[in-house]
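The values are calculated or read from the model by the stated rules, or taken from the named source; none is laboratory data. None of these values were measured; they are calculated from a predicted model. Note that we place each Cβ from the backbone using ideal geometry, even for glycine, and neighbour counts take in every protein chain shown. The area values use the complete protein model at the heavy-atom level, side chains included, leaving out ligands, DNA and RNA. Shrake-Rupley method; radii C 1.70, N 1.55, O 1.52, S 1.80 Å.
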Amino acid sequence: MSDVFSSPFFGISLSILAFWAGEKVQKRFRLTVLNPLLIAIVLVTGILLLFDIPYEAYNEGGQIINMFLAPATACLAVSIYTRIRLLKENWLPILVGCTCGSLASMGSIFFMCRLFGLDEKVSLSLLSKSVTTPIAVSITERLDGVVPVTVVAVIITGTLGSILAPAFIRLFRVRDPLEAGLAIGACSHAVGTSKAIEIGETEGAMSGLAIGICGIVTVLFSLFIS
Amino acid sequence: MKIIKQVGIIFLLCWVSLVIEALLPFSFPASVIGMILLFLCLLTGVLKIGHIQEKSDFLLSNMAFFFVPAGVSIMNYLDLLADSVVPLLLICVVSTVITFAVTAWSVRLTAAAMRRWKR
């Protein structure tokens, strides 16, 4: 009987159902905190623990879904390419902003991990948490960190950034849409970008650009670690 | 056949980037190589957006879903995280504020410097 859970069909359909439920919940309550991915992770983990289904069985299907991560990351190139005019016109502020932002993110995380005396493996897994999940995950893999810690930290960061973005804009007196968009994208990647799109068209486009540029910049900096 | 072709193009691109990763003298994530490679293909016109439109829309718009299994594997690390939940959350909040502020200010300074330089 336990064999039936080892079929890839089980893991894949459970993941899809959980994510679909997550989207339903978000649509119903319209709260950014109720991130569909976060809900899906909690649901699937809960079901596996509740029915005592081993992770390895679920992962037969999980692996197949994982396979789509690399192609999805590659396609981020498409979203940069469609905004190439905006990138050409503002390449200097975009490059400077994303470089400084990525450095500030990694620097502040490094410093605080030392401050709290966090486990070395956990610290390395947090370093890339401000960039989009696929790139953050590849950085953590290279640094030999714990991938799921990265995934959860990335989602929490994105959700925070998305909720706090309007407050940040007032707090730091941001008036330029270019500045607002880049800052949102740099600190909270794709989840923040969905908020930036609501704020304005330029904000959304800039935030989308910042996802890719910050990702590449962070990968380059991470090459110097260890 | 159209979708199969698009899947073929993108999967081939991912495989080529694995080959490049294996050949590089330093370790660089293959998925980011794939992203740079695709960008160069689009830039040079080797590929047109139309060649991969539907497949790329599918991948980009469902991006979050593909991370469900990666996130679920956190259940194997619950004891590692149990002691550090509070610092973890604190790090997420503080670094988000710092990253936002530094990005905004550096963009502002650059834009101001460019205006002065043009005058």
**First in the range A:209-223 and hydroxyl-bearing (S, T, Y), second anywhere and surrounded by 23 or more Cβ atoms within 10 Å (Cβ to Cβ) and not in a helix (DSSP H, G or I), Cβ under 7 Å, 6 or more apart** = A:T218/A:S128; A:T218/A:V131; A:S222/A:L127; A:S222/A:S128
**Message:** Is it the case, given these coordinates, that A:I169 is in a helix (DSSP H, G or I) and under 20 Å from A:I155 (Cα atoms)?
**Reply:** no
**Item:** The one condition in (1) within 27 Å of the chain's Cα centre (by Cα); (2) open to solvent by 80 Å² or more (accessible area, probe 1.4 Å) that B:C92 fails to fulfil
**Value:** (2)
**Message:** Considering only residues that are surrounded by 16 or more Cβ atoms within 10 Å (Cβ to Cβ) and of a type in the set (S, T, N, Q), which ones fall in the range A:1-28?
**Reply:** A:S6, A:S15, A:Q26
**Complete:** Per the list (1) within 7 Å of chain B (Cβ to nearest Cβ); (2) open to solvent by 40 Å² or more (accessible area, probe 1.4 Å), residue check on A:E120 breaks on (1)
**Prompt:** Among the listed residues B:L80, B:L59, which satisfies the condition of being touching a residue at least 40 places away in the same chain (Cβ under 8 Å), within 22 Å of A:V147 (Cα to Cα) and facing chain A (nearest Cβ under 9 Å)?
**Reply:** B:L59
**Item:** Complete set of residues in the range A:169-190 that are open to solvent by less than 10 Å² (accessible area, probe 1.4 Å) and of a type in the set (A, V, I, L, M, F, W, C)
**Value:** A:A180, A:L182, A:A183, A:I184, A:A186, A:C187
**Asked** So which residues in the range A:12-59 are in contact with a Gly (Cβ under 6 Å, 6 or more places away or on another chain) and within 17 Å of A:P148 (Cα to Cα), if there are any at all?
**Response** A:P36, A:I39, A:A40, A:I41, A:Y58
**Asked** Taking the range A:142-151 as the search range and keeping residues that are open to solvent by 10 Å² or more (accessible area, probe 1.4 Å) and facing chain B (nearest Cβ under 7 Å), which one is nearest to B:I36 (Cα to Cα)?
**Response** A:R142
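Please determine, by comparing only the residues of the range B:36-54 that are assigned to a helix (DSSP H, G or I) and in contact with a Cys (Cβ under 8 Å, 6 or more places away or on another chain), which one is farthest from B:M1 (Cα to Cα).
B:L38
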**Subset of the range A:83-117 that is more than 7 Å from every other protein chain (Cβ to nearest Cβ) and among the β-branched types (V, I, T) - its residue that is surrounded by the fewest Cβ atoms within 10 Å (Cβ to Cβ)** = A:I84
**Request:** Name every residue in the range A:123-133 that is open to solvent by 10 Å² or more (accessible area, probe 1.4 Å) and closer than 15 Å to A:C214 by Cβ, in order of residue number.
**Result:** A:L127, A:T133
**Asked** Here are some conditions: (1) open to solvent by less than 60 Å² (accessible area, probe 1.4 Å); (2) touching a Cys at 6+ places or on another chain (Cβ under 9 Å); (3) more than 7 Å from chain A (Cβ to nearest Cβ); (4) within 24 Å of A:F168 (Cβ to Cβ). B:A112 meets all but one. Which one does it not meet?
**Response** (2)
**Message:** I need a count of the residues in the range B:9-27 that are at the interface with chain A (Cβ under 7 Å from one of its Cβ atoms) and either without any contact (Cβ under 8 Å) to a residue 40 or more places away in the chain or open to solvent by 20 Å² or more (accessible area, probe 1.4 Å) (or both).
**Reply:** 5
**Request:** Hand me the list of helices (runs of 4 or more DSSP H) wholly inside the range A:48-134 holding 2 or more residues that are touching a residue at least 60 places away in the same chain (Cβ under 8 Å).
**Result:** A:69-74, A:76-81, A:84-89, A:91-115
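If you take the residues in the range A:1-47 that are in a loop (DSSP other than H, G, I, E, B) and away from chain B (no Cβ under 11 Å), which one is modelled with the highest pLDDT?
A:S7
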**Message:** Quick test of your reading of the structure: A:N59 fulfils all but one of (1) polar (S, T, N, Q); (2) open to solvent by 40 Å² or more (accessible area, probe 1.4 Å); (3) farther than 24 Å from B:M35 by Cβ. Name the failing condition by number.
**Reply:** (2)
